[in-house]
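Reviewing the structure listed below.
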Amino acid sequence: MQNTTASAAGRFTFRTMLAGMAAAMLAACGSNDPSRTANGSGGNGYAAEIRYTSFGVPHIKADNWKGAGYGYGYAFATDHVCLFSQEVVTLHGERARYFGEKDSSGNAITYLGQLGGFIGNLESDFFYKSYMTPDVADRMKAASSADVRDLVAGFVAGYNRYLRDTGANGLPAECKNANWVQPIAEADAYFRMHQAAMTGSSLAFITQIASAQPPASARITQARVTPATAQQLQQSEMLKALHVFKDGVIGSNGYGLGREVTASGKGIVLGNPHFPWWGVLRLHQLHITVAGQYDVYGATLLGAPLPLIGFNKDVAWTHTFSTDQRFTLFQLKLDPADPKRYMVGTESRAMTATRVQVQALQADGSMATRERTMYSTEYGPIATDSLFTWTTSTAYAFKDANRENFRLMDQVLLNGKATSAASLREALATYSEMPWVNTIGADKDGSALYANYSVAANVTDAQLASCVGTGLPQLALAVEGVAILNGNDASCNWSGHVPSAQRPYVLRTDYAMNANDSHWWPNQNVRLAGYPKIIATGPDAEGVEQGERTRAGIAQILDRVSGADGLPGTLFTVASLQEVYKAGRFYKPERWLGEFVTACLASARTDLTAACTVLRDWNRKEQLDAKGALLFREFYARMNEMKDASLWRVPYDPADPLNTPNGFNPANTTAYDKLAETVAYFGTQGFALDETPGARQVITRNGKPLVIPGGRYTFNNWRGQLANGKYGDPAYGNSYMQFVTFDDKGPVAEGMLTYSQSTHAFSEHYADLTELYAQRQWAKLPYTEAQITADPNLRTLKISE
């Protein structure tokens, strides 16, 4: 890819990203021109300078934390006021009030949730009404430092200043004069942070918690009497919801490259989260400078007022989704006399019953009150689905360690003040409240870091051994890594999260990496073992077979430093790292496919000759023009990502996680059948067997078709929804990307925000970066004063009140 600072301009149009999505699900609104001036009345302690560089990135300068929050709140609202206003409605439990309960045909009105499933407005409202209470906001504020409280106060003031300046009639088209666009309160900002902390846990169970009700009839009396099977586990709505993380749909890659493997002797960081292209899990670029205290460029989740991933003058860092179990279920033995009471030892304890009311707009325009009683225990709320049922004998409670994560933003603030990879590790260990991520970093002196100071339920190995019962609990732990503890035994309860002293990390001068497998293998020569099992359980346990992106990630580094990748030299530069990245390497077919196609073409399966010929000639890379890449991708999916040990000739060996498993096992015949299924699928879709990804990975922005690079399972990542023959919206995949190194003047960075800065359809920054990304170019990420002032599209806005 080339790099550029040029800015695309013009008017933009928005297209519905998913047929059938509720009309209230907004993906775009509008924009104000950021070059205009906005002079406040002064006197209330809020002042900031916002400097916009190419592609609409705001650089906020302020003398204090109130000013920093104020400037970013204003800039954030400029880019996302409609989408965030809708999210505030969600946090308030008022979706049914504003967007309706059911349509005119009596169907529940739903919205596309952050994790990809559709959620009913009514179920969402009951969940959020019960979770986002005033007490939660008060506790979060009380636990926050003075700096974070000032930051939040400023963010709220800046966001509301934008609303005042714009006026209801001046809002973007999608929310112009909408009654659900309201000023926000500080509680809303804390609610959003709390919601963000629970993304990897409670948010996967919104419907299951909201809909949990006691058995309606005495005839629904018995718990499951037949042993649960792995197939039944796959039908559990709760367990299926977790696979958006377990299968890497929402995932990330991170490299921290140290001085032994870089040409400059400085550190290099690749940050590469794979997140949804819709909703508040989108990332937004920002640069926050508080005079003499803080100076960080990076990206943050929508509504979070500090960079979560980024860099300062000394160190850069990124995050990847970790394997920690942030929650547990508790299997409750119910009181035979009352299914709303549960037994702890010999004591019968009453569930807490809370009546929750929500308002629901009806199809005829009237408003109805809906009421539901929500049930909770000392462990947490009751949750149910088709497998985890509430009978007269058994129920399941859900306990989330991140419900008590009240210092997330203080943790983020400390990270940004780090002066080296080692001090970043020390910052992370201060609270250990990064809610669901590993951290990978490198500094200007060439030290590299992998660390997991995420949040895991504080369950000891002894509790896992004694509190997980036979049958369903043991099966869920082994197959899904989900702990179902004995709620009848008080000693099985836990509190807090695994402390910092029990957390894995490694500092190196060669490299450290992670791509969503556990902490166990961050470097070819490192094994981190012996940590609490709750950090890496079941299929993610220490020593298990490693995933595609982890193996490819290690192989890419080793091939670069040996020169086997064919690029000049044997050390990393930012340019060579970008070339390695965009190559789209697919590692497992490198280790298996050659033997398979040889056997296929020599077999009696003449129905597969054409397909095997295409796969034989494929270059084993997810590139836009690679014939065979799309065919293997769909074949790989039907083989469950080749996790079946019987596919491999050489089995997995934990002593050699890079090179094993490998080779095609000729005794396996299911692979032929799965390829035949893939060929049939291509026929139904009208795809040629040698169809290229570039012909099918297409989204439309501003009326223009844009071809998006990447593969569903590879480092260079893209997961589009197939519709009308194209893999497009709604999509997951590469989101904010950063390639950061250092020279004697400070950080030097290039990157990309793949879906662009703004969700407002008429903003000039709605699709400018997306167009650049489709051209396979990078944008510069200006940090130093010289870099910012040299930007050809620099604009400045000063605000105060």
Reported set for the stretch 98-136 where residues are of a type in the set (D, E, K, R) and more than 27 Å from Gly158 (Cα to Cα) is Glu101, Lys102, Asp103, Glu123, Asp125
Checked the stretch 182-205 for anything assigned to a loop (DSSP other than H, G, I, E, B), more than 18 Å from the chain's Cα centre (by Cα) and crowded, with 22+ Cβ neighbours inside 10 Å; matches are Ile184
In the list Gly93, Gly100, Gly67, Gly45, which residue meets the criterion of being open to solvent by less than 10 Å² (accessible area, probe 1.4 Å), of a type in the set (Gly, Ala, Ser) and closer than 22 Å to Arg164 by Cβ?
Gly67
Looking only at the stretch 459-505, filter to residues that are touching a Pro at 6+ places or on another chain (Cβ under 6 Å) and among the hydrophobic types (A, V, I, L, M, F, W, C); which one of those is surrounded by the fewest Cβ atoms within 10 Å (Cβ to Cβ)?
Ile484
Residue list for the stretch 663-677, restricted to those being under 12 Å from Glu595 (Cα atoms) and either open to solvent by 30 Å² or more (accessible area, probe 1.4 Å) or in contact with a Cys (Cβ under 8 Å, 6 or more places away or on another chain) (or both)
Asn665, Pro666
The residue that is nearest to the chain's Cα centre (by Cα), considering only those in the stretch 722-756 that are outside any strand (DSSP E or B) and of a type in the set (Ser, Thr, Tyr), is Ser735
Among the candidates Ala363, Ala353, which residue alone is open to solvent by 40 Å² or more (accessible area, probe 1.4 Å) and either on the phi > 0 side of the Ramachandran plot or free of Cβ contacts under 8 Å to residues at least 24 places away in the same chain (or both)?
Ala353
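To keep it simple, each residue is scored yes or no on (1) of a type in the set (A, V, I, L, M); (2) open to solvent by 30 Å² or more (accessible area, probe 1.4 Å).
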residue: Glu260; (1), (2): no, yes
residue: Gly267; (1), (2): no, no
residue: Leu306; (1), (2): yes, no
residue: Gln325; (1), (2): no, no
residue: Ala337; (1), (2): yes, yes
residue: Tyr342; (1), (2): no, no
Name the one entry in Thr430, Thr384, Thr391 that is open to solvent by 10 Å² or more (accessible area, probe 1.4 Å), outside any helix (DSSP H, G or I) and in contact (Cβ under 8 Å) with a residue 60 or more places away in the chain.
Thr384
Give the stretch 601-629 a look and list any residue that's in a helix (DSSP H, G or I), open to solvent by less than 50 Å² (accessible area, probe 1.4 Å) and either out of contact with any strand residue (DSSP E or B) (no Cβ under 9 Å at 6 or more places or on another chain) or without any contact (Cβ under 8 Å) to a residue 60 or more places away in the chain (or both), or say none.
Leu608, Ala611, Cys612, Thr613, Val614, Leu615
In the stretch 392-420, what count of residues is obtained for those that are closer than 30 Å to Pro336 by Cβ, out of contact with any Pro (no Cβ under 6 Å at 6 or more places or on another chain) and of a type in the set (S, T, N, Q)?
2
Those residues that are assigned to a loop (DSSP other than H, G, I, E, B) and buried (at least 21 other Cβ atoms within 10 Å of the Cβ), I need them from the stretch 508-531; list them, please.
Ala515, Asn516, Asp517, Ser518, His519, Trp520, Trp521, Pro522
Pairs under 8 Å by beta carbon, first residue of a type in the set (Ser, Thr, Tyr) in the stretch 484-507, partner assigned to a strand (DSSP E or B), six or more apart or different chains?
Tyr505/Leu449; Tyr505/Tyr450; Tyr505/Ala451
Take Val136 and tell me if it is of a type in the set (A, V, I, L, M, F, W, C), closer than 26 Å to Ser454 by Cα, in a helix (DSSP H, G or I) and open to solvent by less than 20 Å² (accessible area, probe 1.4 Å).
yes
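The values are calculated or read from the model by the stated rules, or taken from the named source; none is laboratory data. Everything numeric in this text was worked out from a predicted model, so none of it was measured. A quick note on method: Cβ atoms are made from the backbone with ideal geometry, for glycine too, and the neighbour counts reach across all protein chains shown. Side chains are part of the model used for accessible areas, which takes the heavy atoms of the whole protein and leaves out ligands, DNA and RNA. Shrake-Rupley method; radii C 1.70, N 1.55, O 1.52, S 1.80 Å.
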